[in-house]
Structure formats: C-alpha cells, structure tokens
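First up is the structure itself, then whatever we jot down about it.
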Amino acid sequence: MAKGLDIGTMNIICAEKEGEDVVFMQQRNAFMNLDSSDLTKNMLDISKVLYIEEEKGISLLGEDAFKFATIFEKEARRPMSHGIISPREKEAIPIMKLIVERVLGQPRSKNEVLYISTPANPVDTDMDVLYHKKTMEALARGLNYDTHVIDEGLAVIYSELSDYNFTGIGISVGAGLTNVTLAYLGTPLMSFSIGRGGDWIDEQVSKSTGLPKEHVTHRKEQISKLSKQVKIGSPDGAITIYYNALVTYIVQNLNKRLAEITPPKVAFPVVVAGGSALPEGFFEMFEKNLRESKLRVEISKIKRARDPLYTVARGCLIAAKTQEEGKRRAGPSLTEQKVEGKTEKKKAQKKSK
Amino acid sequence: MGSEMHEDSLTEGKGSSTGLLRRGLSIYYVGSMFFVAGIALVALGSAFVMIFQIHYGSEADKILYTALFLGTGITLILIGINLMIKQTKKGYYVVGVSAFISSLALLILATNYLHNWYYPLISYVLALYVIGFLMLLGNAFANVTLWIIEKSPGPMVREERLTKTYTDEEIQRDIEEATRKSIETTASGLQFEVDDMGDIKLGKYSPKTCGLITRIKDDISEIISLKQTMAPGATDKWGSIGVDKASTQLAETMMQKKVEKRLFEGFKERILKRFGKQKNN
Ligand SMILES: Nc1ncnc2c1ncn2[C@@H]1O[C@H](COP(=O)(O)OP(=O)(O)OP(=O)(O)O)[C@@H](O)[C@H]1O
Ligand SMILES: [Mg+2]
C-alpha cells in the first residue's frame, strides 16, 4: 500500500487507497498554548481532545486548537509560515511530528512507500526550502516509511493531467505559497513558488478593512462567489480585489519565469488546485487573466482541479503508487526525477529545435 | 546579454587561416572593368556571328575577328571574376600565368591564321587556350570555395563563445545556481535525526489517528457509461480506479521517456564518435 502526504501551511492531508475508495485524512496544521491547570486538563480529557503536556503548559493540536481558541480567547498558532517550517521555530517540530503521525498513521507494511509534497524555492522572497524538506523527510522516515519528496506543483500535474501525458503546468494556490511546476512527459522542467497565497489575501484585506485576520479568513471561506457586486460594508469587495491582485501576480511571475527557459514547442494545459482556488468565480478569474496575458508558451486548456483541496495529496499518492509498482517490477524510479536546472533547460532547447 | 565581439576577419583582417588575402577596393574595380570589357567583346563577337552569318566557308578575316573577340572576351570575363573575388597569393599567380597562356594562344591564332593554319598548330593553340580557360575558371572556383569555408559558422561560433561577455546578473545567477547545487548535493547525503525531542507527554485521550475523513468513491460503472455517452472521453474517476489508472499511465510515460532518452543519447554518442574521428584525421 502506498500513501501520499500534503504538508501545507494550513492543512496536512494524507491520501490512501482503501478498497474502492480513496480516503483523505485532513488536519489543521496549528497549535495553541494554554496554561496548565488540573481544571483545563480535566475538561480537555472529557471532551476527548488531543494535547501535549509540557513544562511551559499544554498545547492543543490541529482542528481543536482552532475550536478552543475562541473559547479561551486566544490565538491559534501555526508551526509553518509561507509554506515552510523555519529553522527558528524548533519548538514547533514536535507538534508537527504529532500531527503528521496522527494523519499518516502507522505503515501497514514494511517499507510502505510515501510521497510527501514540498514547496519549490520562491522567486520573490529570500527563502530556502531545503531545511524544511529535510525536516519533513526525517519526520516521515522516523515513522518507518520509505519516504520520497516531490514538488507540490508536480503533484498537481500527476493528479490532474494523466490524460495529457503528464505534460502541462500545475499550479497550487495554497495558504502560504503558490506553487508552480511545468512538466514535460512527467518530468519537471521548471518549478518555483510565489510567496503569496490565501494568507496574503487575508492580511491585505485585514489591513484595508481593519477586521481581524481570523475573521477575514472565515469570511473568505464562506464567501459564495467572487463577484464585482458586493454589499456595502462587507469585506467581500476587498476579498475580490485582492484575489484579483493575487491572480495577476501569479500570472506575471509565471510569465517571467517562462522567459528563462525554452520549453518544448507544444501547447500546455494548465491546472489550478489548492484551497484558495475553491471559491466560485476564482477559476473564471484565473482563466480570463491567463488568456488575456500574452504567455510565452501556448496554452491548450485551462482546467480546475476536481477537488482542489485534495489534489496535492492525491498526486503524491499516485507518485507513491507508481513507485511501489515500479519497485515490484524494478521499473522506472520516480525519485530520479528532479529539475536538473541548466542541463534540463538545454535538453529542452535541443528538443524544441 | 553578452555582446558579440567577433570581427569580420574577411575584410579587416590581415589574412586568415585559409590564406585568403585582403583585397583592396581598387583591385575589385579593375576586376569589374575587365569583366565589363569582356562582356562587351563577347557581345561583339556574338553580334559578328549573327551579322556575318559565320559558317565554315565564311571569309577568313571575318572568322578571325569573331574568334578573337569571343576568345579575348571570355578570357577577360574570367580574369575580371578572379580579380573581384578574394584570392590567395597563389591565386594571383595562377591568374597571371593563365591569362598569359590564353593571350599567347590568341596571339598565335592572330599571327598564323590562314597562312599557317594547319593541323598540328591548330590543336596546340586550342589546347593552350583551353588550358588558360580552365585554369582561370578553376582558380575562381577554388577561391570562392575557400571563402565560403571561412565564412561558415563553424569557427565563428567558437570565436563568439570565447569572447562572449557576461553581465553581472548572469554571473550572479550562475554563482547562485552552483551554490544551490552544491548545497543540494551535500544535503541529499545528510539525514536529520528526529529522536532528540525527549518524550512527549500526551493527555489521556490519544487516538492513533485523528482528523477529518473524506472518502471519494468512484461512480459505479453504469453511471460512468451513461456519463460517457453524454460527454465522451470525460472519465471523471477520482477515486481508487482513477488513481490506479493514473499511476499506470505515469509509469508508462516515464518508461517511454527513459527509452527515448536512451535512444537519443545513443544517437548523440554515435554522432560524436564520428565527428571526433573526423577531427582527429
Ligand atoms: N472555501 C474556501 N474558500 C476560499 N478559500 C478557502 C476555502 N477553503 C480554504 N481556503 C483557503 O485555502 C488556503 C488553504 O489551502 P491549502 O490547504 O491548499 O493550503 P496549504 O497546502 O495548507 O498551504 P501551502 O501549500 O501554501 O503551504 C487557506 O488560505 C484557506 O483560507
Ligand atoms: Mg499546499
């Protein structure tokens, strides 16, 4: 059996096959500190809440951290920001380990193959994903999985572009980052991330309306449709405006990066996934912007992922499954696939000639 | 972007690897004068042929003039061409010698025609003229070929690469790329240990797994076939069947890519081998 795990800024999601179904286990990537007292502990035990006891106090994990944040009038914190765990937040590692453990469960067989997603290096912020990648890999290895890592954008392609020979552009608009990968026949030619996503919208809207960020996030997730007609006084207008700005920013950055490579002369389909692609109207906004900007590659079809929140986890599952079958038949190994930078570019150039 | 600093060694250089000399503009003009004069003479000769309706039994001096005009004209044209193109040093000697041979042939013709125009001499003169003609023609051809070789992009590209200047931005990017690569290769050998967290104490409630569970089932086959008749090709299977199908396709694509790569690589190797051998010879 194989598993796929999407470790995101906001959600940690595991995908696995169970008979005829694909099952997704989802948990918020969050925690909340509370002062330790027998009363609170009692209360949490009764309500069946998972928590960690530390010297400093207790920490609630995942979804519960959110639920109880309002009750205790505290803020839920996040172990990760902008798609990665930062080396400065070492205290968050045990928390993430616990969440990952609970979401992933124990391996069902020895050396069960697991693919985890990782963001690519961002183009607009000075940030290195390497520490994050290694840490997450180590967490999963610690659980005795045969662990491999792929780019989030590539996972989107694996999940949604099987009918296009895994050639195309996969985009995941998440909370902390937007990840983009361009692949040709299943091999990434270009992978990068952009330091803006759902969180950026929340921040901007919060700044311009004065509403607390959590409130904006909540409102954003409830919004029925991104449209130009909005009620006066509601933050919906601001949300639409910043959604538009985000989309423009993504498309501009994509175009800029495309100038640096010479992809094969084929028409590429584009898929958008990620939690921030959920609201109605987002896809239309994205499609319009992409069609109107003169992209440096030809675009064939623009597609919305079927279940944007789960796409990355599903792509990881497909990669894991392929690897496992391959191991059985000693076939191709997916781990060899990496963006080879310049050499790959040159190859692509040769091909296009 | 890098700028080309390649200079055109054909017009400016003092000489080149193939030995072609720099040719002054004056020689070019002299050459073109020769060429034009030649054309005029040939035209005149041709006109004679038509006006006098030259045939075997025509008047002797008419035949002589026609032959002289045509012969001199052709030689002049060839000399002109030779002077107009770039020559090696040897080339100029060849032009001189062959021009002399042709003129000699024409001179002998002019002085001996009619009085002394019998069998052995005719063939000698003709042979002499043909030799001159062929030498001029061959010389022009050889030098043009040399010029084309020199002009061919082969050596030019190499020169361009050597003198390509890099902008700071490009250098910076290359450095960053190299650094990133070195970090990545070192890091891929590195393994983080996660057991230094001490023991985490959990509350009473500690399930093995917990989280929000979502199940995706594939449509049962009847519905799928119905859907397909309505929208052919739209197999929207996202569940287990879809995952299996996608991973099979992925394996196939990877396999295909691997084979392609191997073929391509083999092809490249063969070409390189050949090319390498040729170079060594
Ligand atoms: N129904 C919804 N409408 C609008 N936005 C939503 C909705 N549901 C979730 N989001 C937003 O989607 C984002 C989370 O998406 P996702 O789980 O794909 O991100 P992530 O993978 O955790 O983050 P990243 O990939 O950036 O590390 C959040 O910004 C959240 O506010
Ligand atoms: Mg994500």
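The values are calculated or read from the model by the stated rules, or taken from the named source; none is laboratory data. These figures come from a predicted structure and were not determined experimentally. Quick reminder, even Gly has a Cβ in these numbers, built from the backbone with ideal geometry, and neighbours come from all protein chains shown. Accessible surface areas use protein heavy atoms only, side chains included; no ligands, DNA or RNA. Shrake-Rupley method; radii C 1.70, N 1.55, O 1.52, S 1.80 Å.
Quick notes on this one:
- Options A:201, A:261, A:250, A:157: the member that is surrounded by 22 or more Cβ atoms within 10 Å (Cβ to Cβ) and touching a strand residue (DSSP E or B) at 6+ places or on another chain (Cβ under 6 Å): A:157
- Every residue from segment A:16-26 that is closer than 23 Å to residue A:197 by Cα and either away from ligand 2 (no atom under 16 Å from the Cβ) or at pLDDT 95 or above (or both): none
- Of A:111, A:179, all but one fail to be modelled with pLDDT of 90 or more and of a type in the set (S, T, N, Q); the exception is A:179.
- Any pair with Cβ under 6 angstrom, 6 or more apart, that starts in segment A:38-57 at a residue that is at the interface with another protein chain (Cβ under 7 Å from one of its Cβ atoms) and ends at one that is of a type in the set (A, V, I, L, M, F, W, C) and in a helix (DSSP H, G or I): A:51/A:44
- Within the option set A:191, A:162, being within 16 Å of ligand 2 (Cβ to nearest atom) and within 14 Å of chain B (Cβ to nearest Cβ) holds for one residue only, A:191.
- Residue in segment A:134-142 that is open to solvent by 10 Å² or more (accessible area, probe 1.4 Å), more than 13 Å from ligand 2 (Cβ to nearest atom) and in a loop (DSSP other than H, G, I, E, B) present: no
- Whichever residue in segment A:309-339 is assigned to a loop (DSSP other than H, G, I, E, B) and surrounded by fewer than 24 Cβ atoms within 10 Å (Cβ to Cβ) and, among such residues, is modelled with the highest pLDDT: A:309
- Conditions (1) surrounded by fewer than 21 Cβ atoms within 10 Å (Cβ to Cβ); (2) more than 9 Å from chain B (Cβ to nearest Cβ); (3) closer than 17 Å to residue B:204 by Cα: number failed by residue A:111: (3)
- For residue A:105, the test of being away from chain B (no Cβ under 13 Å) and touching a residue at least 12 places away in the same chain (Cβ under 8 Å) is failed.
- Considering only residues in segment A:180-223 that are without any contact (Cβ under 8 Å) to a residue 60 or more places away in the chain and among the hydrophobic types (A, V, I, L, M, F, W, C), the one that is farthest from ligand 1 (Cβ to nearest atom) turns out to be A:185.
- Qualifying position, being out of contact with any helix residue (DSSP H, G or I) (no Cβ under 6 Å at 6 or more places or on another chain), under 22 Å from residue A:177 (Cβ atoms), acidic (Asp, Glu) and not in a strand (DSSP E or B), among A:101, A:55, A:73, A:89: A:89
- Yes/no for residue B:59 being open to solvent by less than 50 Å² (accessible area, probe 1.4 Å) and out of contact with any Phe, Trp or Tyr (no Cβ under 6 Å at 6 or more places or on another chain): no
- Residue check: residue A:151 meets all listed conditions (1) away from chain B (no Cβ under 13 Å); (2) within 16 Å of ligand 2 (Cβ to nearest atom); (3) modelled with pLDDT of 95 or more; (4) open to solvent by less than 10 Å² (accessible area, probe 1.4 Å) but one, namely (4).
- Candidate set: segment A:64-88, residues that are within 13 Å of another protein chain (Cβ to nearest Cβ) and touching a Phe, Trp or Tyr at 6+ places or on another chain (Cβ under 9 Å); chosen: the one nearest to residue A:47 (Cα to Cα): A:64
- Looking only at residues of segment A:78-97 that are open to solvent by 10 Å² or more (accessible area, probe 1.4 Å) and more than 18 Å from the chain's Cα centre (by Cα), we find that the one that is modelled with the lowest pLDDT is A:87.
- From the list A:34, A:61, the lone residue that is more than 7 Å from chain B (Cβ to nearest Cβ) and surrounded by 22 or more Cβ atoms within 10 Å (Cβ to Cβ) is A:61.
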